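**Q** Starting off with a structure, shown below.
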Amino acid sequence: MSEVKEKIVSTVDAGTTREVVVRLRDLYKSFGDNKVLNGFNMVLHKGENLVVMGKSGSGKSVMIKCLVGLMSPDSGIVEVLGKNIVTMDQEDLDELRSDIGFLFQGSALYDSMTVRENLEFPMRRHKGRFKGVNDTLPLVREALENVGLAHTMDLMPEELSGGMKRRVALARAIILKPKLILYDEPTSGLDPITAKEIIGLMRSIQKKYGTSALIITHDVDCARVISERMVLLVDGINYAEGTYEELVAATDPKINAFFKK
Ligand SMILES: Nc1ncnc2c1ncn2[C@@H]1O[C@H](COP(=O)(O)OP(=O)(O)OP(=O)(O)O)[C@@H](O)[C@H]1O
Ligand SMILES: [Mg+2]
């Protein structure tokens with residue numbers, strides 16, 4: 001076990017005064033002989049930007065699917081916004097998901113819908129939250145203004161560049177003013193300048209709404225700029241945790257491998 005891990009785990013344990021938004025404890029998930037999660041632990045605090053890094057196939061998406069209840073772990077505890085996901089029925093799960101914004105890898109806009117319709121989609125899914133809201137336009141406009149794209153409201157996704165699509169997807173992820181945002185590879189496939197813009201928007205959203213964020217990324221620059229804390233997923237466990245600076249300075253070769261250019 002690395003020095004970094006021991007040190008930071010003790011900080012987390014001591015930091016019980018901070019409200020916990022997500023707690024994954026002793027998570028196990030296998031597919032046949034493929035042991036993907038092997039006792040994974042993670043805590044996300046309120047208002048925190050937590051980055052999870054792990055190589056391709058290490059189980060990041062499996063972890064995030066367990067977190068939103070799209071997949072059941074074989075064993076372990078999944079607590080999100082104070083609720084136990086594993087034992088929840090579908091109705092409660094839907095309700096909880098209205099507090100979670102999800103930026104999917106590669107944007108995942110609906111091609112046959114305008115930008116406005118794409119943003120209205122989560123509002124229709126979670127109607128309960130919008131009882132009494134007859135006019136969705138102000139909410140759509142506010143979300144788009146946050147990403148600097150109010151003028152694209154009536155455009156189709158095919159009329160947007162890749163970076164604009166990502167920003168629209170970000171607007172869609174925040175339109176319900178979620179307490180928690182999950183970002184799956186928010187900067188992948190973007191040029192460095194556009195990636196920087198997206199990171200800037202993620203930070204301004206956190207500042208404006210105090211949202212807690214879980215960010216899955218391969219992008220070391222993104223991790224450096226945005227993370228307050230990082231968790232490295234290696235061999236199915238939270239192999240190391242710490243700030244970017246702490247992890248970069250670690251001597252463990254498995255940790256080093258993440259930061260070699
Ligand atoms: N539904 C499934 N059935 C069987 N195996 C699965 C399933 N979902 C994921 N896996 C396996 O679990 C492992 C982890 O997959 P996962 O998608 O979580 O990786 P990842 O860390 O997100 O990788 P990437 O960075 O490429 O997105 C892989 O070996 C994958 O084949
Ligand atoms: Mg993945």
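Read-outs: derived from the displayed coordinates by stated rules, not from any lab. From a predicted model like this one, the values you see are computed outputs, not experimental measurements. Note that we place each Cβ from the backbone using ideal geometry, even for glycine, and neighbour counts take in every protein chain shown.
**Q** Would you mind calculating the gained length between Arg25 and Arg224 on full extension (0.36 nm times residue separation, minus the Cα-Cα distance), in nm to one decimal?
**A** 69.1 nm
**Q** Further question on the same structure: Please give the contour-minus-distance gain from Asp74 to Arg203: 0.36 nm per residue of separation, less the Cα-Cα distance, rounded to one decimal in nm.
**A** Extra length from Asp74 to Arg203 when fully extended: 43.0 nm.
**Q** According to a simple spin-label model (label point 7 Å from Cα along Cα-to-Cβ), what is the distance in nm between Arg18 and Glu91?
**A** 3.6
**Q** Would you mind ranking Ile237, Ile226, Ile255 so that the residue whose beta carbon has the fewest other beta carbons within 10 Å leads the list?
**A** Fewest-to-most ranking of Ile237, Ile226, Ile255: Ile237, Ile255, Ile226.
**Q** In debye to the nearest 20, how big a dipole does the chain give about its Cα centre with +1 on each Lys and Arg Cβ and -1 on each Asp and Glu Cβ?
**A** My answer is approximately 280 debye.
**Q** If you don't mind, another one. Projected onto the charge dipole of the chain (+1 at Lys/Arg Cβ, -1 at Asp/Glu Cβ, origin at the Cα centre), which of Pro157, Ser58, Gly128 gives the Cα projection farthest towards the positive end?
**A** Gly128
**Q** Which net charge results when you count Lys and Arg as +1 and Asp and Glu as -1 among the other residues whose beta-carbon is under 14 Å from that of Ser75?
**A** For residues surrounding Ser75, the net value is +1.
**Q** For Thr136, Thr152, Thr17, what's the fewest-to-most ordering of other Cβ within 10 Å of each Cβ?
**A** Thr17, Thr136, Thr152
**Q** Moving to a separate point now. If R₀ is 35 angstrom, what is the calculated FRET efficiency for the pair Lys55 and Asp154, using the beta carbon separation as r and rounding to 0.05?
**A** Once the sixth-power term is evaluated, E becomes 0.25.
**Q** In percent, how large is the relative contact order of the stretch 204-261, given Cα pairs closer than 8 Å and 6 or more residues apart?
**A** 21
**Q** Report the FRET efficiency, 1/(1 + (r/R0)^6), for Asn34 and His126, where r is their Cβ-Cβ distance and R0 is 45 Å, rounded to 0.05.
**A** 0.85
**Q** In a Gaussian network model over the chain where Cα atoms closer than 10 Å are linked, find which of Glu142, Glu246, Glu159 has the largest mean-square fluctuation.
**A** Per the Cα network of the chain with a 10 Å cutoff, Glu159 tops the list.
**Q** Order of 57-69, 26-38 by packing, highest average Cβ count within 10 Å first?
**A** Averaged packing, sorted descending, gives the order 57-69, 26-38.
**Q** What does the helix-only formula give at 222 nm for the chain: each DSSP H stretch with n ≥ 4 adding -39500 (n - 2.57), the total divided by the residues, and the result rounded to the nearest 500 deg cm²/dmol?
**A** Estimated from H runs of four or more residues: -11000 deg cm²/dmol.
**Q** Same structure, new question: Determine the relative contact order of the chain: mean sequence separation of Cα pairs under 8 Å and six or more apart, normalised by residue count, in whole percent.
**A** 27
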